Amino acid sequence: MKDSNCIFCKIANGEIPSNTIYEDDNFRVILDNGPATKGHALILPKEHYADLFELSEEAASEVLIVAKKVSEKMKKTLNMDGLNVVQNNGETAGQTVKHFHVHLIPRYENDGQHILWNPTSPSAEELVQVRDTINS
Ligand code: 5GP
Ligand code: ZN
């Protein structure tokens, strides 16, 4: 299903031009127009899924293969030192476009970005409690 009000549906299906670096039957990978670093790309399924919770299992099983293919291409062509794979769900998590997408963010030494989180220090008991909540 496509959503006629969704900009990423239009980009993924070629109705709006984009800087495409990979395409197959089910996905298009484009350059982000507000990149964190040089080569920052977005993997877009051609079907509309708002987020990971809506994503079909078929698309889920394919998306990491696309990530691997494109990141290998980036590794060969960009002089990058690392790569972050980021996927945001919900406004609290930083999702601004409600069409599932995966960020591929090449990293360069001293690129000035801060994509990693601040670790906290829960007690062993707190971790057990969280484990039991998720497993309940
Ligand atoms: P989110 O915050 O939802 O995980 O990521 C949305 C990303 O899409 C942002 O990094 C933003 O720069 C990018 N973006 C938003 N609109 C467009 C667009 O029209 N074209 C492209 N190429 N990127 C977009
Ligand atoms: Zn969409």
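Brief remarks follow.
- Using θ = phi - 60° in the Karplus curve 6.51 cos²θ - 1.76 cosθ + 1.60, the 3J(HN,Hα) couplings for the stretch 106-121 round to x, 10, 10, 3, 6, 7, x, 8, 10, 8, 7, 8, 8, x, 10, 10 Hz; x is entered for Gly and Pro.
- For K38, the lysines whose Cα falls under 25 Å of its own Cα, not counting residues fewer than eight places away in the same chain, are K10, K46, K68, K69, K73, K75, K76, K98.
- Integer Hz, Karplus 6.51/-1.76/1.60 couplings in order for the stretch 98-105, x for Gly and Pro: 8, 9, 2, 7, 10, 8, 10, 10
- Loop-located GluC sites (Glu not before Pro) in the stretch 66-130 (DSSP state other than H, G, I, E, B) with a sparse environment of at most 12 neighbouring Cβ atoms within 10 Å: E109.
- Long-range HN-HN contacts of F27 with modeled amide H, under 5 Å: K46
- Residues in the stretch 41-53 carry Karplus couplings, in order, of 10, 10, 8, 10, x, 6, 7, 8, 10, 5, 6, 4, 5 Hz; the curve used is 6.51 cos²θ - 1.76 cosθ + 1.60 with θ = phi - 60°, and Gly or Pro positions show x.
- Probing with 1.4 Å while keeping every protein chain in the model, the per residue accessible area of the chain equals 67 Å².
- Tilt relative to the chain, helix 57-77 - C-alpha long axis, 0 to 90 degrees, to 10: 70
- Anisotropy class assigned to the stretch 1-113 is prolate, per the alpha carbon gyration tensor with a/c at or over the 1.5 cut-off and a/b larger than b/c.
- When peptides 35-47, 15-27 are ranked by their average number of other Cβ atoms within 10 Å per residue, the highest-first order is 35-47, 15-27.
- Amide proton proximity set for R107, modelled H, under 5 Å, gap of 5+: D81, G82, L83, N84
- Across the chain, the relative contact order, built from alpha-carbon pairs under 8 Å that are at least six residues apart, equals 24 percent.
- Calculated [222 nm] ellipticity per residue, helices only, for the chain: -9000 deg cm²/dmol; basis is -39500 (n - 2.57) per DSSP H run with n ≥ 4, divided by all residues, nearest 500.
- Of the chymotrypsin sites (Phe, Trp or Tyr not before Pro) in the stretch 84-130, the ones in a loop by DSSP (not H, G, I, E or B) with at most 15 other beta carbons within 10 Å are Y108, W117.
The values are calculated or read from the model by the stated rules, or taken from the named source; none is laboratory data. Because the structure is predicted, anything quoted here is derived from the model rather than measured. When we count neighbours, we look across all protein chains shown, and the Cβ atoms used for this are built from the backbone with ideal geometry, even at glycine. Surface accessibility is based on the protein's heavy atoms, side chains included, excluding ligands, DNA and RNA. Shrake-Rupley method; radii C 1.70, N 1.55, O 1.52, S 1.80 Å.
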